[in-house]
Structure formats: structure tokens, C-alpha cells
Amino acid sequence: MSERIGRLCDELRIKLHGMDRRLEVLKSNGMATFDQSQDVLESKLDRVEQRIYDNRVTVEAANVRVKTWLAEKKAGSAMGHPLWTERHKIHLMGVRADDAETYAIAVFELAAAAADEATLAVLQALLARNDADGAVLCETEPH
């Protein structure tokens with residue numbers, strides 16, 4: 001495994017572990033009072049939205065790299081045999097390896113962005129549930 005891929009695997013593992021910890025904190029915030037948890041959730045939502053916004057250029061570039069790699073791979077298989085097997089030219093094999101690593105890096109970047117999107121979705125769901133629960137409480141209270 002190349003050093004770049006190893007680093008990205010470690011970064012993704014850290015990001016997923018962090019996401020798991022944040023989800024555990026979110027679940028425990030459900031025990032807090034409505035007002036406290038609402039403020040905490042909104043603050044976390046703002047931070048995740050900002051992180052997604054900050055990473056949008058990286059995600060867009062990763063999408064382009066993935067689409068390019070897939071198109072080139074499809075074009076290569078349409079020719080009947082991949083270019084890199086032709087007389088096993090070492091430099092072509094190196095180019096193929098570099099391209100595959102670039103693709104892997106792009107997919108890792110998309111996976112990290114997807115983790116942020118999943119966190120955002122959970123926060124939005126928790127806020128919506130808080131709103132719904134608050135509305136039910138208001139209706140059931142005697143006037």
C-alpha cells in the first residue's frame with residue numbers, strides 16, 4: 001500500500017471514529033432538557049454545515065476525479081484489453097497504479113464527505129424530533 005493511501009486510510013478511520021463519538025454524544029444529549037439539547041444540537045449542526053461548506057471544493061474535485069477514472073476505465077475495457085497489459089510496459093503499469101491511487105484518494109474524500117452528510121442528517125432529524133415533541137407538549141398542557 002502506498003504511503004498516500006495508508007495516510008488516507010488512517011484519516012478516514014479517525015474521521016469515522018470521531019463521527020461515532022459525536023453520535024454517542026448526540027444520543028446522550030437526548031437526556032438533557034429540551035432547551036439545552038436544542039441549543040447544543042443547533043450549535044453542532046452549524047459546525048457540521050460549515051465543515052461541509054469548507055470541503056465543497058475538495059468534494060467537487062473528488063467527484064470529477066472519480067468520474068474521469070471510471071470513464072477512462074470504461075474506455076479501456078471497451079478496447080478489449082487494458083492498455084497497461086500491452087507488452088507489460090513498466091511505465092504504463094506505473095501510470096495505471098498512479099491513476100488507481102488517485103481514484104482511491106478521491107473515493108476516500110467522498111466517503112469522508114458522506115460521513116459529514118450523515119452527521120448532518122442525524123442532527124436535522126434530532127432537531128425535527130425535538131420540534132415535534134415540543135409541539136406535542138404544548139398541545140397537551142392545560143391552558
Fill in: Any chance residue 75 is loosely packed, with under 11 Cβ neighbours inside 10 Å, modelled with pLDDT of 85 or more, more than 29 Å from residue 128 (Cα to Cα) and over 14 Å from the mean Cα position of the chain (by Cα)
no
Worksheet item: Yes or no: residue 110 within 20 Å of the chain's Cα centre (by Cα), modelled with pLDDT of 85 or more and more than 24 Å from residue 16 (Cα to Cα)?
Response: no
Response to the item:
Flagged pairs (Cβ under 6 angstrom, 6 or more apart or on separate chains; first in the range 119-140, in contact (Cβ under 8 Å) with a residue 12 or more places away in the chain and within 27 Å of residue 17 (Cβ to Cβ); second of a type in the set (S, T, N, Q) and surrounded by 11 or more Cβ atoms within 10 Å (Cβ to Cβ)) are 130/38
Response to the item:
With criteria (1) within 23 Å of residue 117 (Cα to Cα); (2) at pLDDT below 85; (3) exposed (fewer than 12 other Cβ atoms within 10 Å of the Cβ), residue 17 comes up short on (2)
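The values are calculated or read from the model by the stated rules, or taken from the named source; none is laboratory data. All figures in this text were calculated on a predicted structure; none of them were measured in a lab. As a convention, Cβ positions derive from the backbone with ideal geometry for all residues, glycine included, and neighbour counts pool all protein chains shown.
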